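This report concerns only the one structure given below.
Quick note: the coordinates plus some simple rules give every number you see, no bench work behind them. Values in this document were obtained by computation on a predicted structure and should not be read as measured data. So basically every Cβ, Gly included, is an ideal-geometry build from the backbone, and we count neighbours across all protein chains shown.
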Amino acid sequence: MRLILLGPPGAGKGTQAQRLVEKHGIVQLSTGDMLRAAVAAGTPVGLKAKEIMARGELVPDEVVIAIIADRIDQADAKRGFVLDGFPRTVPQARALDDLLAERGLKLDAVIELKVDEGILLKRIETRVNEMTARGQAVRADDNAEALKKRLDAYRAQTAPLVDYYAGTGQLKTVDGMAVIDSVTEAIDGLLAPWAGSSARRPRAPRRAQRARAPKAKTGRSRAAKGRAKKASGKTRKSAGKGRKAARPAARKGARTGAKRGRSNGRGGTRKTRAKRLTRAR
Ligand code: ADP
């Protein structure tokens, strides 16, 4: 799944992006975060971006386009990504179209978080207070003067993307003024057609494997064991045909090891381990 979150500073893009990451096993690509990391590390890009960002202006298109081109080629982005803060100008949107087309990829949706401008200053003040209370460094551009510039930049350079993506038929809009969970629900609703195909699945099988593992003395509580067993049951139901196909192969592997009678390095032969495995199943 490949998504864009669109909206002014303080619209909640970062918060919703994190939830999408959790739910769909995709990565969040935030150009703001990447640029801040570059500034902190003092890289050439960081040095170029530092003052521009502090003023609340936009970093040159070619800089962020190069960062994104590099990032979407990395292994963890293969499953999909949610872009947060990119594209921010029409030339960036065109460059993204080209980058995706060159790789044979396509965008699934562009989600606009629609908010009243009046609320943004308040939201950013709240963020500053929360970060200060947690002892975190406040962003150099989270002040009234830079925020005004960021909003100006949004209106002049980023807002035209709403029309751009309406034109491609990819734009979907949610009410970003609602409480965080309601915004998440609205986004989930929009993405329902994709949820089945890209939802993250490894959790249940991993738990199931733990439940079947031949470790007798795990020191786990009864309740924990019960939970693991339950998870295992669920997986078996949902695994269906795939599980049936996988099991004989696993058994075969265990027998082969047992025949050879080699040590498994954990105080037993493969044969004894294979027996335990079979019992545990
Ligand atoms: P915001 O809270 O304003 O949405 P971000 O963390 O997305 O903040 O971005 C912070 C700053 O980083 C921007 O004001 C801008 O200077 C720079 N930046 C981030 N993304 C881009 C981009 N796609 N194009 C140009 N500049 C960007």
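Observations, loosely collected:
- The shape of the range 102-175 comes out prolate: with a ≥ b ≥ c from the C-alpha gyration tensor, a/c is at least 1.5 and a/b beats b/c.
- As a proxy for reagent exposure, ranking 30, 182 by other Cβ atoms within 10 Å from fewest up yields 182, 30.
- With a cut-off of 15 Å on the backbone N, the residues of the range 147-165 near the modelled label site 7 Å out from residue 54 along Cα-Cβ are 147.
- Once backbone amide H atoms are built at 1.01 Å from N, residue 6 has 111, 112, 113 as its partners under 5 Å, excluding neighbours fewer than 5 places away on the same chain.
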